[in-house]
Amino acid sequence: MAPGDYLTQLELDPKITPETIARLRAQFGLDRPVYEQYLLWMNNLLHLNLGYSFAFQAPVLEVIWPRVVNSMVIVIPSTLLLYLVAIPIGVYGAVRQYSLGDRVLSFMAYVGLSVPSFFLALIASTSSSRSSSTQAPSSSRSPA
C-alpha cells in the first residue's frame, strides 16, 4: 500500500480537481486533527459503521461480513475440537503425572507447538493423500 490515505492517491490523477479532493477530505473528516478523526472512528465503530470502501464501492461492513461468517465457520468448530481434545489430555496428564503416556503426550504437544502450523498442515495433507492413493482399488473380479 502506498503511504497516505486514499485521497492522496487521487491527488496524482490529473482528472480530479483539487476542489473535489478538498470536498472529499471534508466529507470524510480527513481535514480534522488526528485525535478528532480517531474519536469519530471510535464512535462510528461502536455503531457498526465501519465506513465506505472506495475499492468495492460499498459499505465496509457489507464487504467484510461474508468473510467474517466464513471465518467463524472454520474457527468455532476448530476451537470446539481443540477443547474436546486438550481438556481430556490435560486431565490425563494431571492424574497420571510423569507416566509414559503423560511423557508421550507432552512430547507430542511440544512438537505441535514448535512446528509451524502451516508445515503441520502440509505434512497432514501430504500423508493423507499418500495413504488414500496407496490403497489398492477394489476389484469386482474374483481371483482365477
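Values in this text are rule-based calculations from the coordinates and carry no lab data. It should be emphasised that the depicted structure is a prediction, and the values quoted were computed from it without experimental measurement. Heads up, the Cβs are rebuilt from the backbone with ideal geometry, glycines too, and the neighbour counts pull from every protein chain shown.
Kindly evaluate Leu30 against the criterion of being closer than 16 Å to Tyr6 by Cβ, in contact with a Leu (Cβ under 7 Å, 6 or more places away or on another chain) and surrounded by 11 or more Cβ atoms within 10 Å (Cβ to Cβ). Yes: the conditions hold for Leu30. Of all residues in region 1-38, those satisfying the criterion of being in contact (Cβ under 8 Å) with a residue 12 or more places away in the chain and aliphatic (A, V, I, L, M) are Leu7, Leu10, Ile21, Leu24, Leu30.
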